[in-house]
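Q: Let me give you the structure first, and then I'll get to my questions.
The values are calculated or read from the model by the stated rules, or taken from the named source; none is laboratory data. In this text the structure is predicted, and so the values were computed from the model without any measurement. Methodologically, a virtual Cβ is constructed for each residue, glycine included, from the backbone with ideal geometry; neighbour enumeration extends over all protein chains shown.
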Amino acid sequence: MAQSATTTPEAPRDSVALRAKRLSRRRNTRAALLFISPWIIGFLVFTAWPIVYSAYLSLTDYDVLNDPSFIGLENYQEMVEDPKIRLALWNTFYFTVLQVPLYVMVSLGLALLLDKAGRAAGFFRTAFFLPKMTPPVAVGILLLLLFNGQDGLINTVLGWVGVDGPAWTTDPTWVKPGLILISLWSVGSSVIILLAALQNVPQELYDSARVDGAGWWQQTFKITIPMISGALFFIFIVNTIAAFQTFTEAYTAYFGAGNSTYSNDAALFYVIYLFQQGFEFLNMGYASAMAWLLFVIIMIFTAIQMLASRRFVYYEGEQR
């Protein structure tokens, strides 16, 4: 009885403290929601609603000028029979498969060099990143200037070493390689990310490897790449998504006003054809269906990459 009399008054105190804690938590939650409400509203209005509405439009015949009329899956059936869809998908896959690994390797190579730059690293960080600030439209124009088959800088330099450069901008065989090379103009942001990852690799690992007789190549492949694999994976997946959506540079160079080049089909990427259907031909329902197909393709590739990352990507502190 004495023990019961001693513990009974504590129960109301615990209850009051618990209610106060819950009340404080609700207040914090309401405050947090209030602060992020502009983002929530913006997301719902400018992202979520357009996504949902585009799914509806993909099932309609809609020319922007008139109200959409429901036609079911006809847009998707038409996509199966459209030869330009196959051409655009082939061009996009070709570009992605070659551009993404090359982009990652060039970024990694520059980051490794920059990591050894010492006091000059600050200057080179700025120098590598500045091209990223170039507007994509300007990069498209730069493509035509650098890769001009007759008097472009690339072929001029190749001529100095006795190589007859190809017609980069007019020969369909060389259009996509030219676009892949010009895309390397903007590797600066990836270089900075990889440089930050490199500088976080513990120096003790390299010291131990040198004591064991490991050379530079062994240190790079056994220590450096595994330790920065998280950053590499991030760059790989982000640039894969960007490559599937490549548009501005190719459109500026080969589909801009007054462009009379005869190799447009070689540069007809999927998003360019989607843009043409939606905003040039006003087939907005068909363009919406194309957008959803692209969304599914990107999701499939992203899922494959995420699954592969479980085996190849190392995160510090992760238990294996």
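Q: For Leu268, only one of the following conditions fails: (1) under 25 Å from Met306 (Cα atoms); (2) modelled with pLDDT of 90 or more. What is its number?
A: (1)
Q: State the number of residues belonging to the range 279-301 that are without any contact (Cβ under 8 Å) to a residue 12 or more places away in the chain and assigned to a helix (DSSP H, G or I).
A: 6
Q: Please verify whether the range 7-20 includes one or more residues that are of a type outside the set (Phe, Trp, Tyr) and either within 30 Å of Ser190 (Cα to Cα) or modelled with pLDDT of 95 or more (or both).
A: no
Q: Can you say whether Thr169 is among the hydroxyl-bearing types (Ser, Thr, Tyr), over 17 Å from the mean Cα position of the chain (by Cα) and closer than 28 Å to Ser229 by Cβ, as far as the supplied structure shows?
A: Considered against the rule, which asks whether it is among the hydroxyl-bearing types (Ser, Thr, Tyr), over 17 Å from the mean Cα position of the chain (by Cα) and closer than 28 Å to Ser229 by Cβ, Thr169 comes out as no.
Q: Looking at the range 113-133, which of its residues are surrounded by 15 or more Cβ atoms within 10 Å (Cβ to Cβ) and under 30 Å from Val163 (Cα atoms)?
A: Phe128, Pro131, listed by residue number.
Q: Which condition breaks for Ala250 when tested against (1) part of a helix (DSSP H, G or I); (2) at positive phi; (3) of a type outside the set (Ser, Thr, Tyr)?
A: Here Ala250 clears every test but (2).
Q: Please state which one of Leu205, Leu184, Leu198, Leu268 is over 30 Å from Ala111 (Cα atoms) and either among the aliphatic types (A, V, I, L, M) or without any contact (Cβ under 8 Å) to a residue 60 or more places away in the chain (or both).
A: Unique residue meeting the criteria: Leu268.
Q: Is it the case that some residue within the range 134-157 is under 28 Å from Leu232 (Cβ atoms), surrounded by fewer than 16 Cβ atoms within 10 Å (Cβ to Cβ) and polar (S, T, N, Q)?
A: Yes.
Q: Within the range 57-75, which residues are closer than 15 Å to Gly278 by Cα and touching a residue at least 12 places away in the same chain (Cβ under 8 Å)?
A: Leu57, Ser58, Leu59, Thr60, Asp61, Tyr62, Asp63, Val64, Leu65, Pro68, Asn75
One line per residue, one yes/no per condition, for (1) under 24 Å from the mean Cα position of the chain (by Cα); (2) assigned by TED's automatic domain parsing to the domain that holds Trp185; (3) at pLDDT below 95:
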{"position": "Leu89", "(1), (2), (3)": "yes, yes, no"}
{"position": "Thr92", "(1), (2), (3)": "yes, yes, no"}
{"position": "Leu102", "(1), (2), (3)": "yes, yes, no"}
{"position": "Gly109", "(1), (2), (3)": "yes, yes, yes"}
{"position": "Leu112", "(1), (2), (3)": "yes, yes, yes"}
{"position": "Lys116", "(1), (2), (3)": "no, yes, yes"}
{"position": "Arg119", "(1), (2), (3)": "no, yes, yes"}
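Q: Can you say whether Val64 is at positive phi and either surrounded by 11 or more Cβ atoms within 10 Å (Cβ to Cβ) or in the same structural domain as Gln219 (by TED's automatic domain parsing) (or both), as far as the supplied structure shows?
A: Here the answer is yes, as Val64 does meet what is asked.
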